[in-house]
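Worksheet for the structure shown next.
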Amino acid sequence: MAKQPSGRGSVKLSTAASAIKKRLKGVKVIDWHEVGTPHPEVVIGTVQTGVANFKANLGTLAKLKELRDLHILINGTPRPDIAQIKFTLRG
């Protein structure tokens with residue numbers, strides 16, 4: 001059985017991408033793309049969350065050193081009720 005390299009950034013990004021799905025609370029995954037084979041070098045994702053979980057989920061994403069791009073869209077008039085967070089992780 002071949003041993004996978006543990007020092008490459010894409011391997012670390014692959015584990016970070018799978019862990020991020022577990023750490024986000026109360027989200028619906030709208031869009032998720034992992035670019036790169038066998039381990040992703042770029043992860044582009046969009047998640048939808050309620051306003052109650054927005055601050056916690058944004059804090060989780062902001063702590064990632066791989067985070068390169070972040071867009072927030074808050075929907076609801078006159079009171080916001082859902083938020084979409086689009087992000088890019090690059091190793």
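The values are calculated or read from the model by the stated rules, or taken from the named source; none is laboratory data. Keep in mind it's a predicted model, so treat the numbers as computed, not measured. Using ideal geometry, Cβ is built from the backbone for each residue, glycine included, and neighbour counts are taken over all protein chains shown. Calculation scope for accessible area: heavy atoms of the full protein, side chains included, ligands and nucleic acids excluded. Shrake-Rupley method; radii C 1.70, N 1.55, O 1.52, S 1.80 Å.
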**OP:** Collect the residues in the stretch 36-58 that are farther than 15 Å from I72 by Cβ, modelled with pLDDT of 90 or more and open to solvent by 60 Å² or more (accessible area, probe 1.4 Å), keeping them in residue-number order.
**Re:** A52
**OP:** Evaluate the following for V11: is it part of a strand (DSSP E or B) and surrounded by 14 or more Cβ atoms within 10 Å (Cβ to Cβ)?
**Re:** no
**OP:** For residues that are open to solvent by less than 30 Å² (accessible area, probe 1.4 Å) and not in a loop (DSSP other than H, G, I, E, B), tally how many sit in the stretch 61-91.
**Re:** 6
**OP:** Select, from R79, R23, R90, the only residue that is basic (K, R) and touching a Leu at 6+ places or on another chain (Cβ under 8 Å).
**Re:** R90
